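S.K.: My questions all concern the structure below.
The values are calculated or read from the model by the stated rules, or taken from the named source; none is laboratory data. These numbers come from a predicted model, not from an experiment. FYI the Cβ positions are ideal-geometry reconstructions off the backbone, even for glycines, and counts take in every protein chain you see.
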Amino acid sequence: MARLEIDENGTEKYVVRDPFHIPDMECGAMADTNSFKAAPDHNEDLGFPGELLENWQEVAIAKMGELAKKNRAFQVYLDTCVKCGACTDKCHFFLGTGDPKNMPVARQDLLRSVYRRYYTFAGKYFPWLVGARDLTKEVLDEWYTYYHQCSQCRRCSVACPYGIDTAEISMAAREILDSVGVGQKYCNEIIAKLKKTGNNLGLNPKALRATLEDLEEDLEDETGIPVKLPLDVKGADILLITPSADFFAEPHIDGLLGYAKVFHAAGVSWTISSYASEAANFGMFIGSYENMREVSWRIRQAAKDLGVKRIVFGECGHAWRVGYSFLNTLAGPFDFLDQSYPIPQHIMEFTSDAIDAGILKIDKSRNDEFIMTYHDSCNVARGSAMGRKEGGQFDLPRKVIKAVVNNFHDMERDTIRENTFCCGGGGGLLTDDLMDLRIKGAKPRMTALQQVTADHGVTHMAAICAICKTQFSKVMPKYGYEMDNIMSVHQLVANAVILDGQETEQDDAPETVAAGE
Amino acid sequence: MLSTLYAVLFYIATILLIVGTGMKVLKYARTPAPLKIPVSPAPRTRAGVVQRMGREVTMFESLFKSNRWIWIFAILFHYGMLLVLLRHLRYFTQPVWWWVELIQPFGVYAGFVMVLGLLGLLARRIVVNRIRYISNPSDYLMLLLLIGIGVTGLSMKFLMPVDILMVKQFFLGLMRFQINELPMQPGVLIHLGLVAILMIIFPISKLMHAPGLFFAPSRTQVDNAREFRHMSAWASQLEDLPESIPTEEGK
């Protein structure tokens, strides 16, 4: 938290650092920070070679050429950078570590330099002039290190005059690494697990059912009402696709209870699928179209099998990018669903509509112990949208929060909305072997939070991303907060919603939120 | 003799510029974009994208928001250069178009503005550690080349006047496939030589950012993935996956 200092006049004031503070460059500061590499089995489960190929160099260069032919973004971004430097102070990992290779343009150049060497006239004949270099084992290792220090949050892309998106380069680099047998343990193990069990946790249908039944009991104890968390119910209207962290982790689970209460209050029938019991799609992180498609496809299969009419996504950042921007491409067309609703829909859109329709009874004072702020998750903010208006991905969550809490303050403008700082754990970095990087990468966001704590007494931060929530519950204690100072938005909704027939301790009548508030 | 050499040089440079850039642009246009990746918030309609790109091209909107110093120098340079280029149309038109006539006096000052912007960009590249770190020799040389073009151009106006009528005869001649004499003065020869180099390296250098800008999916795509199914040719060729849940899996 902000340091309380007393100046010579005896005035107390909080001293907070600047979230945009640019550190001195420290070459190689993060060169030895590496995540564990994947075991051969897991690489093979994803269709990649198990171990580093003998002719890896040849394969990697060919793969690079193939990707440039298959992906316009990759091709154009490699060519158009003018090294203007506008992105150099935009990455939270550079701001947090000072390692110059964590500057977006420098990160791109790790790969661009090799592309130039093999695929451009200038790089073939005048490599020294344009900084082109051969693909050596050292370069490959450097790729592994620094392309796993990018959370693919796209903050740099917003800053770039040409829209160059480092996430695209980073995804391509990981795809090339995978194609020569160098996979990352965290991502590849999880994708392999999902293909076997339907979720990242490896939770089987029986265990999932037991978990949901426990939660139903908790809800009934709390409200006195049998709120259901249905699993594999054929013919339900809505299929809920939510990150598996919602089944077991805090504060995720409280968000899940929030969705259940909203669905209950809205009187819709819904279900979770044990076959597609995961919203997360790590295929995106490793840049593998095929793997991402395979994971997405399970949602289509589950929707068909259960005969649902709508698909609603729970609170998960990158899942919503895949859901909103890619699902129709990867697993569509969804002509078998009810076309009068967006496909898929975000739970925030559902809850927002429910608020507008006035069907939720809300007692805001039940959240009075919290002074809230909201963290825009990168993939929601810069890779997706919500609602019918541009920028709905910023406005809808804030509208829902303000409908259920009395105390809300935004963080500094350049650290939220499209300029939001990543939590430091996205893009396949949410692994303990990268904890040092994660703590440093969270610094800009944490500093912005400390500012609103100093200025407005903010106590808690809400988010709608499973990765953000897990990351913050781990790193917030390093910045003077408690691990439960991070909350789910639907946790706040769950606190404030009063179901029909629910016994409440308080006597004051719940207020119904009017449409449009 | 030297005039013939310059004539040939300009024919080659023009061909390389047009064909080279054209080939690159065709390559960009033909490369599929497999997924919808507009950086949001993004326009929901094509008209909105046209406006977004219009602001990027004419005002460097993103750069304005991300780095004010680079933006100032970039605007000075690019708009200075635009006026200078328009002013140079008088060497290629007979009679000179009225609006080209009109901007002549401004074009001269624009030359100074352009060089000033370039010097600013060069200074940043040298002075700011982070930008020096990401710079290659070609990045400095590109700025020096443009500064060289600007300075030799200005020097012909203010220090060592050149017979510009002869220069005009030379270019009008080239346009009609005749080779006329160039004035044999170092200013004009260096100036034109540097311009020819710039034209030749355009398609194989980072100057491709100019056309490339229009092919960045992050800015040019419409945010409508839920409403319209976006498919690339290669992705629609992928093997079909089963529509139903395999029996051994699931429940």
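S.K.: Test residue A:337 against the criterion of being under 25 Å from residue B:217 (Cβ atoms) and either part of a loop (DSSP other than H, G, I, E, B) or within 13 Å of another protein chain (Cβ to nearest Cβ) (or both), and give yes or no.
M.R.: Judged against the criteria, residue A:337 is not a match.
S.K.: Which one of the conditions (1) crowded, with 24+ Cβ neighbours inside 10 Å; (2) on the phi > 0 side of the Ramachandran plot does residue A:84 fail to meet, given that it meets all the rest?
M.R.: (2) is the only condition that residue A:84 fails.
S.K.: So is residue A:493 part of a loop (DSSP other than H, G, I, E, B), modelled with pLDDT of 95 or more and crowded, with 21+ Cβ neighbours inside 10 Å or not?
M.R.: no
S.K.: Is it true that residue A:123 is crowded, with 20+ Cβ neighbours inside 10 Å, over 21 Å from residue A:434 (Cα atoms) and modelled with pLDDT of 95 or more?
M.R.: In short, yes.
S.K.: Filter the stretch A:246-262 for residues that are part of a helix (DSSP H, G or I) and out of contact with any Leu (no Cβ under 8 Å at 6 or more places or on another chain); which is surrounded by the most Cβ atoms within 10 Å (Cβ to Cβ)?
M.R.: By that ranking, first place goes to A:255.
S.K.: Could you run through the stretch A:330-388 and say how many residues are without any contact (Cβ under 8 Å) to a residue 40 or more places away in the chain and aromatic (Phe, Trp, Tyr)?
M.R.: 3
S.K.: Additional query: Do we have any residue at all in the stretch A:115-125 that's more than 7 Å from every other protein chain (Cβ to nearest Cβ) and closer than 26 Å to residue A:33 by Cα?
M.R.: Yes, that holds for at least one residue.
S.K.: Looking only at the stretch A:216-232, how many residues end up being touching a residue at least 40 places away in the same chain (Cβ under 8 Å), under 26 Å from residue A:500 (Cβ atoms) and either crowded, with 17+ Cβ neighbours inside 10 Å or of a type outside the set (A, V, I, L, M, F, W, C) (or both)?
M.R.: Looking only at that region, the number is 7.
S.K.: Which ones in the stretch B:89-103 are assigned to a helix (DSSP H, G or I) and either more than 15 Å from residue B:168 (Cα to Cα) or without any contact (Cβ under 8 Å) to a residue 12 or more places away in the chain (or both)? Working first, answer last.
M.R.: Quick first cut of the stretch B:89-103, residues assigned to a helix (DSSP H, G or I) only: B:89-91, B:98-102.
Those that are assigned to a helix (DSSP H, G or I) and either more than 15 Å from residue B:168 (Cα to Cα) or without any contact (Cβ under 8 Å) to a residue 12 or more places away in the chain (or both): B:89, B:98, B:99, B:101, B:102.
S.K.: For residue B:35, are the conditions met, namely being more than 12 Å from every other protein chain (Cβ to nearest Cβ), among the hydrophobic types (A, V, I, L, M, F, W, C) and either out of contact with any strand residue (DSSP E or B) (no Cβ under 8 Å at 6 or more places or on another chain) or on the phi < 0 side of the Ramachandran plot (or both)?
M.R.: no
S.K.: Can you name the residue in the stretch A:414-444 that is β-branched (Val, Ile, Thr) and in contact with an Asp or Glu (Cβ under 7 Å, 6 or more places away or on another chain) and, of all such residues, is nearest to residue A:397 (Cα to Cα)?
M.R.: Of everything passing the filter in the stretch A:414-444, A:416 is nearest to residue A:397 (Cα to Cα).
S.K.: Here is a follow-up. What helices (runs of 4 or more DSSP H) lie completely within the stretch A:398-489 and have 1 or more residues being of a type in the set (Phe, Trp, Tyr) and surrounded by 21 or more Cβ atoms within 10 Å (Cβ to Cβ)? I'd like the intermediate steps shown before the answer.
M.R.: Working: elements: A:435-441, A:443-456, A:466-475.
Helices (runs of 4 or more DSSP H) meeting the threshold: A:466-475.
S.K.: In the set A:428, A:391, which member is under 18 Å from residue A:377 (Cα atoms) and under 13 Å from the mean Cα position of the chain (by Cα)?
M.R.: A:428
S.K.: Suppose the filter is closer than 17 Å to residue A:139 by Cα, touching a helix residue (DSSP H, G or I) at 6+ places or on another chain (Cβ under 8 Å) and within 10 Å of chain B (Cβ to nearest Cβ); does residue A:101 pass it?
M.R.: Details: closer than 17 Å to residue A:139 by Cα: yes; touching a helix residue (DSSP H, G or I) at 6+ places or on another chain (Cβ under 8 Å): yes; within 10 Å of chain B (Cβ to nearest Cβ): yes.
Here the answer is yes, as residue A:101 does meet what is asked.
S.K.: List the pairs whose first member sits in the stretch A:160-174 and is away from every other protein chain (no Cβ under 12 Å), whose second member is among the small types (Gly, Ala, Ser) and in a loop (DSSP other than H, G, I, E, B), and whose Cβ atoms are under 6 Å apart, counting only residues at least 6 apart or on separate chains?
M.R.: A:174/A:287
S.K.: Still on this structure: Looking at the stretch A:389-397, is at least one residue out of contact with any Pro (no Cβ under 9 Å at 6 or more places or on another chain), touching a residue at least 60 places away in the same chain (Cβ under 8 Å) and within 14 Å of chain B (Cβ to nearest Cβ)?
M.R.: So far as the stretch A:389-397 goes, yes, one or more of its residues are out of contact with any Pro (no Cβ under 9 Å at 6 or more places or on another chain), touching a residue at least 60 places away in the same chain (Cβ under 8 Å) and within 14 Å of chain B (Cβ to nearest Cβ).
S.K.: Looking only at residues in the stretch A:126-143 that are hydrophobic (A, V, I, L, M, F, W, C) and within 14 Å of chain B (Cβ to nearest Cβ), which one is farthest from the chain's Cα centre (by Cα)?
M.R.: The residue in question is A:126.
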